[in-house]
Amino acid sequence: MNPEPAGRVAPVTNLGTEAGAPIVTNAAGHGGPVTLGAGETKITLEVPRFEEWHVTILGDPIAWHAFCLEHGLKPLYIELQNGELQLMCASAHDPRYFLSGVVDEDERPIFPVVRVKHEVSALRDGETAVYYEAHVKFNGPWRTDRKGVSRDLFRVQRWYMTKRSRAPFDADAHAKLSTSQARPSRFAEVEYEVCILDTNPKLDEGWL
């Protein structure tokens, strides 16, 4: 499988373990027109685009976890390979709306924002990719000597193997390489997406 040109994200499919057992992935929807059938039965459907926002903040992990659950956000507490910690959330919509009025008695933000990321499954006209990214997710400890390894401290069994690139790449190959050294039962899913906004890419120094 060859990487698709910029502007389209290839679906993650056809993964397998070394023993040949299939691995089912939870790839994001890709957006844009999809053609089914041929001839007189051919139809074209418009597939909704998958979008995800990540906001990284400074603050107390317990208070942040409660705040996220109250506002329908997914709390994340990521520990990078070098031991650095990132407190963040994931949302289908820009969560900065919920944070704008969260201040203390001196009108200072309770959760200061240090980074905003916006990730999509396909570029629209006028959008530019900052980078392409694939996350292979595992349920259980994994190798810590590989570049791009991290884990979620809010979910002690959730580990990630992330690859980032300025150009589109073969997410299937990345997933196969990552899963070849893990028990199949630990594999959870893989996501491949385009980052169109990253206000502080230096937080993950060395990932590109």
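Is it true that L197 is within 18 Å of A129 (Cα to Cα), outside any helix (DSSP H, G or I) and modelled with pLDDT under 80? Taking the combined requirement at face value, the residue does not satisfy it.
Screening A175 with (1) in contact with a Ser or Thr (Cβ under 8 Å, 6 or more places away or on another chain); (2) closer than 23 Å to H93 by Cα gives one miss only, at (2).
To keep it simple, each residue is scored yes or no on (1) surrounded by 15 or more Cβ atoms within 10 Å (Cβ to Cβ); (2) free of Cβ contacts under 8 Å to residues at least 60 places away in the same chain; (3) touching a Gly at 6+ places or on another chain (Cβ under 6 Å).
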{"site": "Q86", "(1), (2), (3)": "yes, no, no"}
{"site": "P95", "(1), (2), (3)": "yes, yes, no"}
{"site": "E105", "(1), (2), (3)": "no, yes, no"}
{"site": "A122", "(1), (2), (3)": "yes, no, yes"}
{"site": "T128", "(1), (2), (3)": "no, no, no"}
{"site": "Y132", "(1), (2), (3)": "yes, no, no"}
{"site": "N139", "(1), (2), (3)": "yes, yes, no"}
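Kindly evaluate E119 against the criterion of being of a type outside the set (G, A, S) and under 21 Å from H93 (Cα atoms). Answer is yes for this residue. If I ask for residues that are closer than 20 Å to H118 by Cα and touching a strand residue (DSSP E or B) at 6+ places or on another chain (Cβ under 8 Å), which ones from segment 65-78 would you list? Selection gives C68, G72, L73, K74, P75, L76, Y77, I78. Scanning segment 65-84 for residues that are touching a residue at least 40 places away in the same chain (Cβ under 8 Å) and either farther than 26 Å from E193 by Cα or over 20 Å from the mean Cα position of the chain (by Cα) (or both) gives a single hit, F67.
Matching residues to (1) among the small types (G, A, S); (2) assigned to a strand (DSSP E or B):
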{"site": "R115", "(1), (2)": "no, yes"}
{"site": "G126", "(1), (2)": "yes, no"}
{"site": "E133", "(1), (2)": "no, yes"}
{"site": "P141", "(1), (2)": "no, no"}
{"site": "K163", "(1), (2)": "no, yes"}
{"site": "P168", "(1), (2)": "no, no"}
{"site": "A173", "(1), (2)": "yes, no"}
{"site": "L177", "(1), (2)": "no, no"}
{"site": "E189", "(1), (2)": "no, yes"}
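When K137, K147 are checked against the criterion of being within 22 Å of L85 (Cα to Cα) and part of a loop (DSSP other than H, G, I, E, B), a single residue qualifies: K147.
Evaluation of E107 against the conditions (1) over 28 Å from F169 (Cα atoms); (2) touching a Phe, Trp or Tyr at 6+ places or on another chain (Cβ under 8 Å); (3) modelled with pLDDT under 90 shows that the sole unmet condition is (2).
The values are calculated or read from the model by the stated rules, or taken from the named source; none is laboratory data. The shown structure was predicted, so the numbers you read here are calculated from the model rather than taken from an experiment. Note that we place each Cβ from the backbone using ideal geometry, even for glycine, and neighbour counts take in every protein chain shown.
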